[in-house]
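Trainee: Below: one structure in structure tokens.
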Amino acid sequence: SCGEKKEENDLSRDNLKGKVKEIIQVRLDAPLISGGISDLISIYKYDENGKMTEMARYLGEELIKQVKYKADENGFIAKKIVEGKEKETLPFFSEEGSYEFKYDDEGNLTEHIYYDNDDNLMKTEYKSDEYGNVTETISYVNGELYNNTKYKYKFDASKNWTMLTVSSDNTSSHSISREIEYYK
């Protein structure tokens, strides 16, 4: 497929193949900020044109974030409705500061650099397989190695992952399972 341009929609952006209707994704053993563990559940819904129409995230049974997208008559996102109380949990990441992203020739993210307002630098390098799935990330904070994370996948017949196992130097290993419903 040399020279062919991938059709861009939310499914291709999310590295999904086929006519995906809905994904129910469960991160098992998600650590809580207050201590303890609960399942983190994310539900993604797409229309028949591959545009995301809704994303909802639950911690156990509690809705913590919901985003609904409404398209105008031309199919462009005209309205985004956000509800919930999701908390930021990653070090240094916030709405403030500056971000830089680098990609390879296939459009895969290879590097993400973030500077916060206190001049802290977080740099993450990404390695991907031939299908665009991230297989490893190496993170540095202010030039010091912070974390190395490896990702292993199991796939369905459409070559979308249904099980992801994440192992990391700094955090406990965990798994994420996905049930994918397709349009017929």
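The values are calculated or read from the model by the stated rules, or taken from the named source; none is laboratory data. All of these numbers come straight from a predicted model, not from anything done at the bench. We place every Cβ from the backbone using ideal geometry, glycine too, and count neighbours over all the protein chains shown. We work out accessible area using only protein heavy atoms, side chains counted, and drop any ligands, DNA or RNA first. Shrake-Rupley method; radii C 1.70, N 1.55, O 1.52, S 1.80 Å.
Trainee: Out of the residues in region 99-121 that are over 18 Å from the mean Cα position of the chain (by Cα) and surrounded by 13 or more Cβ atoms within 10 Å (Cβ to Cβ), which is nearest to Thr137 (Cα to Cα)?
Mentor: My answer is Leu121.
Trainee: I'm checking my understanding of the structure. Among residues of region 122-140 that are among the β-branched types (Val, Ile, Thr) and open to solvent by less than 20 Å² (accessible area, probe 1.4 Å), which one is nearest to Ile176 (Cα to Cα)? Walk me through it before giving the result.
Mentor: First pass over region 122-140, keeping only residues among the β-branched types (Val, Ile, Thr): 124, 134-135, 137-138.
When the remaining residues are screened for being open to solvent by less than 20 Å² (accessible area, probe 1.4 Å), the result is 124, 137.
Numbers: Thr124: 21, Thr137: 17 Å.
Per the criteria, the residue is Thr137.
Trainee: What pairs can you find where one residue is in region 159-183 and open to solvent by less than 60 Å² (accessible area, probe 1.4 Å), the other is of a type in the set (A, V, I, L, M, F, W, C) and not in a strand (DSSP E or B), and their Cβ atoms are less than 9 Å apart, with a gap of 6+ or different chains?
Mentor: Note: pairs meeting the criteria are Asn160/Leu16; Ile180/Leu16.
Trainee: From the list Gly3, Gly35, exactly one residue is part of a loop (DSSP other than H, G, I, E, B), open to solvent by 60 Å² or more (accessible area, probe 1.4 Å), at pLDDT below 65 and at positive phi. Which is it?
Mentor: Details: Gly35 fails: open to solvent by 60 Å² or more (accessible area, probe 1.4 Å).
Result of the check over Gly3, Gly35: Gly3.
Trainee: Would you confirm, using the coordinates I've provided, whether Ile113 is farther than 25 Å from Ile176 by Cα, among the aliphatic types (A, V, I, L, M) and at pLDDT below 65? So that I can check it myself, show each step before the final result.
Mentor: Working: farther than 25 Å from Ile176 by Cα: yes; among the aliphatic types (A, V, I, L, M): yes; at pLDDT below 65: no.
No; evaluated as a whole, the condition is false for this residue.
To keep it simple, each residue is scored yes or no on (1) closer than 20 Å to Leu11 by Cβ; (2) in contact with a Leu (Cβ under 9 Å, 6 or more places away or on another chain); (3) modelled with pLDDT of 95 or more.
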| residue | (1), (2), (3) |
| --- | --- |
| Tyr153 | yes, yes, yes |
| Lys159 | yes, no, no |
| Thr165 | no, no, no |
| Ser177 | yes, yes, no |
